[in-house]
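Everything on this sheet refers to the single structure shown next.
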Amino acid sequence: MSVTALERNPEVPDISQKQLNDDVLSMVSRPGKIWWAVFILDLLILAVALIAVRNLIFRGWGVSGFMRPVMWAVDITNFVFWVGIAHCGTLVSAVLFLFRSHFRRAVYRVAEAMTVFGVLTAAMFPAIHTGRPWFDYWLFPYPNQRGLWTNPRSPLEWDVFAVNTYLTVSSIFFLVGLIPDIAAQRDRAKNKIIKAVLHLASFGWSGANYQWKHYYGAYLFFAAMATPLVFSVHSVVSWDFAMALNPGWHSTLFAPYFVAGAIFSGVALVINLLIGIRKAYKLEHIVTMEHMEKLAKLVLMTSTMVGYSYLTEFFMAWYGPNKYERDLFWFRATGHYWWAFWIMFSCNVVFPLTLWFKPLRRNLVFLFILCLFVNVGMWFERFVIIVTTLARSFSPATWVHYKMSFTEVCLIVGSFAWFFMFFLIFIRVLPAFSIAEIKETLPVPRRRNGS
Amino acid sequence: MMKLLDPILNLLMPPAPRFKGVMGIFYYVDDAADAVRALRQAGHRNLRVFSPIPHHEIEQALEQGPSIVRWVTFVGGVTGFTAGLSLCIYTCVSYPLVVGGKELTSLPPFMIISYESMILLAGLTNLLGMLALTRLPEVRQAAPYDPRFSEDRVGIWVPCDGEERTRVQKLMGGQSAEEVLVHE
């Protein structure tokens, strides 16, 4: 076989450097009618959810379906779900950065934005769940006249540190990544006020040699720090459960199982968002089919890891000596919440197996629907873990059948509205694709040896 | 309305001061790298090279070493870990919750908070270190700037005056600069 011409890398957009600026910055323009329609609908849904939150806070948790001992139910399900969603952003931006995986360049900004908004959504739930959110500052250790301190041996306190560190570091990582792109946006701005605001937001970036040198020096460290952080945070979230002795929770499998699940659901949501954005803004040449296929492969890989964890849990329950564990897992699959378990299992393990087939990985309508199912499945995974264990603990006297109330449904739908409110504003205000990083993949103009 | 806002806008984005020197604008990156080498050989060490992305060729021509931001981050990380561990030990000793007669200062769970504090402080110092070393925020321009530098052009700014300016101008032209702008 002889190769006569160099093949173009399908992951690299076939455009000039200037055209890249034009295409990405064209997204940041006056919003159209469809954007406004979606945004207003989103705000209306959010308004309903806020009424539900107001009811919860002023009338108390009695308006929810909580019943002892199922006191974590939907709130903590939502918390774990959204923290999980958030994890994919850091995986794509930091972990794949360290592995020099070039396909991340076109997709990481959307994933990172999802991280920040995902953590913002997640953090709301424990805050509301305390019942008296005006006392939420009690979660932090601070000197007080009664000499009380938080307990650093409690996994719930670890979570306070982990989630807040994650929110801070992922926000910094996101904003630092935006600096050169906001400067490019500033250079295009015609309106004086917008230009001045963007100048301030870009810290007056000019792309000078010493700026790039320290910028990438620091960026590498952000990536190096965010990588273990992403694994630690969801491990800590899993230890909220695993440190308790309850059947179905007390397992060393939980940390890797949760991390894989988090990446699984996060990548699925990134695929959903990217399919929408690339279609709406005609950016198929920047986020190419190759990018989508690689993300689909990530979904397939993490799906098999999650599936393996589900089966290990069942195997250990059957093989191990703990009778309560065995009963609980039997209850999960065949008991009162069998439907939730089977939604979880089919959406997370069975349906993603279709991604072994290349034509299906490259079929965006199929991929979009599949990823919606994955996220439904991942929400139910957390629901199954939390509710079945709490509803079926050691003593039959404490067994209950938890039923979700309308207020909790509002909280679930509202969390999506809250997330999408930030996301819709983001794609209109800031460059949703990293101009500087995609530009690095484009051929550089050279006089000698051509481009 | 805009005129009323002008003082605020000037404060946010002050007009550029007068600069003295030569700005060469290049399309080809290898031309720009050659120009940097030639200028440095001619004794111009105070160069500022603008580009939309970092180029290794230019970095090599400038003989740039690695960034020292790593040391700032390291100090932040060590401080964070120590602060986190100290907080855990202090809070447990100051407000003792004895469980099953076990030790108050149990290191394994403390490692988690210490680790998170390490990442938090390292992240913050990494940011502050980067801002300090890149001299950001740069509210008032430190050198002339062209919007094409964020698109596809490379700019080399040489602060100079008098006869030196003419020499630099010629040198840039000889290195195939697309445009040579003289600031007087």
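The values are calculated or read from the model by the stated rules, or taken from the named source; none is laboratory data. Bear in mind the structure is a predicted one, so any value in this text is a computation, not a measurement. In this analysis, Cβ positions are derived from the backbone assuming ideal geometry, glycine residues included, and neighbour counts consider all displayed protein chains.
See the values below:
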| quantity | calculated |
| --- | --- |
| Filtered residues of region B:136-184 (kept if buried (at least 20 other Cβ atoms within 10 Å of the Cβ), among the hydroxyl-bearing types (S, T, Y) and not in a helix (DSSP H, G or I)) | B:Y145 |
| Tally of residues being aromatic (F, W, Y), at pLDDT 90 or above and under 20 Å from the mean Cα position of the chain (by Cα) across region A:107-157 | 2 |
| Test: residue in region B:117-125 that is touching a Pro at 6+ places or on another chain (Cβ under 8 Å), assigned to a helix (DSSP H, G or I), surrounded by 20 or more Cβ atoms within 10 Å (Cβ to Cβ) and facing another protein chain (nearest Cβ under 7 Å) | yes |
| Candidates A:Y281, A:Y257, filtered to the one that is more than 14 Å from the chain's Cα centre (by Cα), touching a residue at least 24 places away in the same chain (Cβ under 8 Å) and buried (at least 20 other Cβ atoms within 10 Å of the Cβ) | A:Y257 |
| Residue in region A:41-55 that is more than 23 Å from A:N375 (Cβ to Cβ) and either modelled with pLDDT of 95 or more or in contact with a Phe, Trp or Tyr (Cβ under 7 Å, 6 or more places away or on another chain) (or both) present | yes |
| Selection from region A:424-436 of residues that are of a type outside the set (V, I, T), surrounded by fewer than 21 Cβ atoms within 10 Å (Cβ to Cβ) and either touching a Phe, Trp or Tyr at 6+ places or on another chain (Cβ under 6 Å) or part of a helix (DSSP H, G or I) (or both) | A:L424, A:F426, A:R428 |
| Residues of region A:17-70 satisfying the condition of being touching an Asp or Glu at 6+ places or on another chain (Cβ under 8 Å) and surrounded by fewer than 16 Cβ atoms within 10 Å (Cβ to Cβ) | A:K18 |
| Flag if B:M130 is under 28 Å from A:Y166 (Cα atoms), more than 7 Å from chain A (Cβ to nearest Cβ) and touching a residue at least 24 places away in the same chain (Cβ under 8 Å) | no |
| 1 or more residues more than 26 Å from the chain's Cα centre (by Cα): qualifying helices (runs of 4 or more DSSP H) within region A:317-405 | A:323-334, A:338-345, A:358-361 |
| Output for region B:48-62, where each listed residue is more than 8 Å from every other protein chain (Cβ to nearest Cβ) and touching a residue at least 12 places away in the same chain (Cβ under 8 Å) | B:E57, B:Q60, B:A61 |
| Among residues of region A:300-347, those that are buried (at least 17 other Cβ atoms within 10 Å of the Cβ), among the small types (G, A, S) and without any contact (Cβ under 8 Å) to a residue 24 or more places away in the chain, counted | 1 |
| Residues that are in a helix (DSSP H, G or I) and facing chain A (nearest Cβ under 7 Å), drawn from region B:13-35 | B:V29, B:D30, B:D31 |
| Residue in region B:36-60 that is surrounded by the fewest Cβ atoms within 10 Å (Cβ to Cβ), counting only those that are part of a helix (DSSP H, G or I) and either outside the structural domain of B:R165 (by TED's automatic domain parsing) or among the β-branched types (V, I, T) (or both) | B:I58 |
| Residue in region A:189-197 that is buried (at least 24 other Cβ atoms within 10 Å of the Cβ) and not polar (S, T, N, Q) present | no |
